Structures are given as C-alpha cells and as structure tokens.
1. For the range 346-357, check the following and say yes or no: at least one residue is touching a Cys at 6+ places or on another chain (Cβ under 6 Å), over 20 Å from V164 (Cα atoms) and not aromatic (F, W, Y).
2. I want to confirm something. Restricting to the range 313-349 and keeping residues that are surrounded by 15 or more Cβ atoms within 10 Å (Cβ to Cβ) and of a type in the set (V, I, T), which single residue is nearest to L271 (Cα to Cα)?
3. Considering only the range 181-188, I want to know if a residue exists there that is touching a residue at least 24 places away in the same chain (Cβ under 8 Å), more than 18 Å from T337 (Cα to Cα) and buried (at least 22 other Cβ atoms within 10 Å of the Cβ).
4. Look at the range 42-72 and say how many of its residues are among the hydrophobic types (A, V, I, L, M, F, W, C), under 19 Å from S20 (Cβ atoms) and surrounded by 21 or more Cβ atoms within 10 Å (Cβ to Cβ).
5. What number goes with the only condition from (1) within 21 Å of the chain's Cα centre (by Cα); (2) under 22 Å from I346 (Cα atoms); (3) not aliphatic (A, V, I, L, M) that T7 does not pass?
6. If you take the residues in the range 167-180 that are in a loop (DSSP other than H, G, I, E, B) and out of contact with any helix residue (DSSP H, G or I) (no Cβ under 8 Å at 6 or more places or on another chain), which one is surrounded by the most Cβ atoms within 10 Å (Cβ to Cβ)?
7. Within the range 133-145, can one find any residue that is in contact (Cβ under 8 Å) with a residue 40 or more places away in the chain, over 29 Å from R356 (Cα atoms), in the same structural domain as V264 (by TED's automatic domain parsing) and surrounded by fewer than 20 Cβ atoms within 10 Å (Cβ to Cβ)?
8. Kindly indicate which of G237, G214 is closer than 26 Å to A56 by Cβ, touching a residue at least 40 places away in the same chain (Cβ under 8 Å), loosely packed, with under 13 Cβ neighbours inside 10 Å and not assigned by TED's automatic domain parsing to the domain that holds G362.
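The values are calculated or read from the model by the stated rules, or taken from the named source; none is laboratory data. Predicted model only: the values in this text are computed from it and were never measured. Don't worry about glycine lacking a Cβ; one is built from the backbone with ideal geometry, like all the others, and counts go over all protein chains shown.
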Amino acid sequence: MVEKVETLVIGAGQAGLAMSRHLAARGREHLVLERARIAERWRAERWDSLVANGPAWHDRFPDKTFDTIDPDAFASAADIVRYFEAYADEHKTPLRCGVEVTALRKTPGGFRAETSQGAVEAVNVVVATGPFQKPLIPNMAPASLFQLHSRDYRNPAQMPDGGVLVIGAGSSGVQIADELRRAGREVWLSVGPHDRPPRRYRGRDFVWWLGALGHWEARIATPGREHVTIAVSGARGGHTVDFRRLAASGVRLTGTTQGYANGVMSFADDLLSNVANGDANHLAMLDAADAYIAREGLEAPLDPDERRRQPDPPGFLEPARRLDLATVGVRSILWATGYALDFGWIEMDVCDARGRPVQNGGASKIPGLYFLGLPWLTRRASAFIWGVWRDAETIAEQIERR
C-alpha cells in the first residue's frame, strides 16, 4: 500500500522543522521524513568544539529561546541539537526518523517519494535537505596523503603526526587552523578571497549590524560573490578574525591553492591582495556602522581597537608559492572547501546547469514542489536559522492557497 499525505517535508533540520511549524499553524496535514535523526548534520558532521557563528539571541526561531545559554553566548553543536529536539517535541512535529527518500517523481495527482520504508504520495513536497550536501574535495593530492574534509574533522587528535595544510579560510578553515595550532601542530593555511566582518563593533554583534544595515535583506548576491566565504568566529567567546594575528601565532599563510604535482603544492600569488580586500571589507562595515549611528542619533561607545591593524609578522609579506609537503613535514590536508548541492534523487527537470534548483520564493517551476533552506533562496538570510523561518512561512502561505 502507498501512504498518502497532503504535504511531504523531506528533512528534519532547521528548514524542515520551521516548515512543519508553519504548516501546523495553518492546520495543513503534513509528514516530515528524516534520513537519520533530527538535526543530523549538527550531530555527526561538525567538529567537537564548533559553536554557532551568531549569538544565541539571533541564531534561533522567533518563538523559542535557548533556555540554558546566555543570549550573547554562542551555542555549541550539542546545544543546537537539544534545541531542535525540544522544539519538535513541544510542537509534536509529525516526524519519522531513519527514513531516507531515495527518489522523487511527478505523478498525475502530485508526487511520489520512494523511501527506505515504502512509497509516499503527496500533493505538495518541500525539499528541506539544507545546503551541506556533498563535500567538495578537489582531486589534486595523492591518495597516499591523509586527507579530510571539514565535515569529517572532529579534533586535532584525529590528524596524523606532522604538519597540517588547511585549504580554505572561511569560518571553518580559520577556526580549525587555529585549533590545530593551539594543540601544538605545525599548520599552513591557504587563504582565498573572503569577507572579514567585525565580531562586535560599538557594543553590537556583527549579525545585528547586518540587520541594521539591510544586508540580511539583500535579494541578489553581487555577481561573482555568491559563494565568497566569511571569516568570522564564535570560538572562545567570539572574536574578529585577523590573519596577521593568526600568522603571528605560528600559522603559516599562503595564497589560494592552485595545484599539486610531484609532492609539491602550489599557490597563487594572491595572499596579500586577499588579506587587503578582507581588510577593506572590514573597514567598510565599520564606516557603515559609524554612519548609521550618527544618522540615527544612537548612543554607542567608541571602539578604536577594532580599527587598529596588527603589524605584519615576519614572513607575512613573502608567502610561500610552493610547498614540498614531505620536506616541510606536512602529512595531512584538511579541506575546508565547502559543499555542492546534490539533488540527483529528484527525477524531474528542476535544476539549472550548476545543479541549483530553479525557483521563485522557494517554488519550483513544477507546481507543488518547493525548496527551503538554501543560500540566497530569497535573500541573504535564507540559509540561517532565523532566515529559514521567514521563507518557510512564505511557502506555507503558497501551499495554503493551492
């Protein structure tokens, strides 16, 4: 027998739970299927010391706070799992864990999902599987060298003895490189183009400034910058990332990784320009915040330290262009190179050439099929916990009109 439901939600992370809440508020019948457990990626695909990049007052749903965390603190991955588990329990989410959707097809009356526990037919389907689907690992280093994606990294003890080359300097790469160095490891960090916001400025966290300055509501990314990484950290109470300070601590910086051959990793001559552009991004945000404070007549303490640039540490101005990994003692590579989307299990023509769903406000070109929780789905905030809430509400309204 085939189970039938009005709306099927695939995924029980932040997107799936937000979607369920809005459907329930409208009295719409629905079922949430999760391949493993609630918030599985937070459970099994994050390193041990990871914390959210936004403070607890911000990185949450609007109808539930973190009960045991100071609003200005940064929730750990375990805190976030407990938060979502409690949310599902409080709202009696119609949820089945351990059920993987292996295929999704169009039918005359809607859609048919093939799952590990039988077929489910639905009038509407919301794909809420998130953006962290397929780790990107360039095929350039030899298989004999120990390699790990940031998804599978847990702690320094996991890495073999010897030096570590961390490739990618967004939030994940920076925090992991810093953790490895603090654990006494020799670390090289490949730094590509990035934004570098202040952790806090004039008494406010940078996520507050993104809201005040209208950045969260940006509808379209600057062409060519849709996937530019953001170097920011909530670790150790939160701090502004400073690559000069990181280099002074012993992390050796290089430019963007270009290739590997005969035991040698090569890098672009772009470290200084990448850091300079990150500095410019940092100062531009401070200038915009100052202008906002003056324009709105706000009382806000001055923060001159945030504008002070650290001196260039020894060797910073002459980064290595080539590393003979064996000679310098690098025995492992940590790829902090992000993820690709993977919707190959959807047997319908709904994605563009890059594999990104073609959609408008979450609605695909096939009536009744929706996507939720992806970066830039409707605005910059779409992939974040509080941002996905608003997109889920919009999709629930569309489903109700249908």
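1. There is at least one residue in the range 346-357 that is touching a Cys at 6+ places or on another chain (Cβ under 6 Å), over 20 Å from V164 (Cα atoms) and not aromatic (F, W, Y).
2. T337
3. Checked the range 181-188: no residue is touching a residue at least 24 places away in the same chain (Cβ under 8 Å), more than 18 Å from T337 (Cα to Cα) and buried (at least 22 other Cβ atoms within 10 Å of the Cβ).
4. Here the count works out to 1.
5. Exception for T7: condition (1).
6. G168
7. yes
8. Going through G237, G214 in turn, the sole match is G237.
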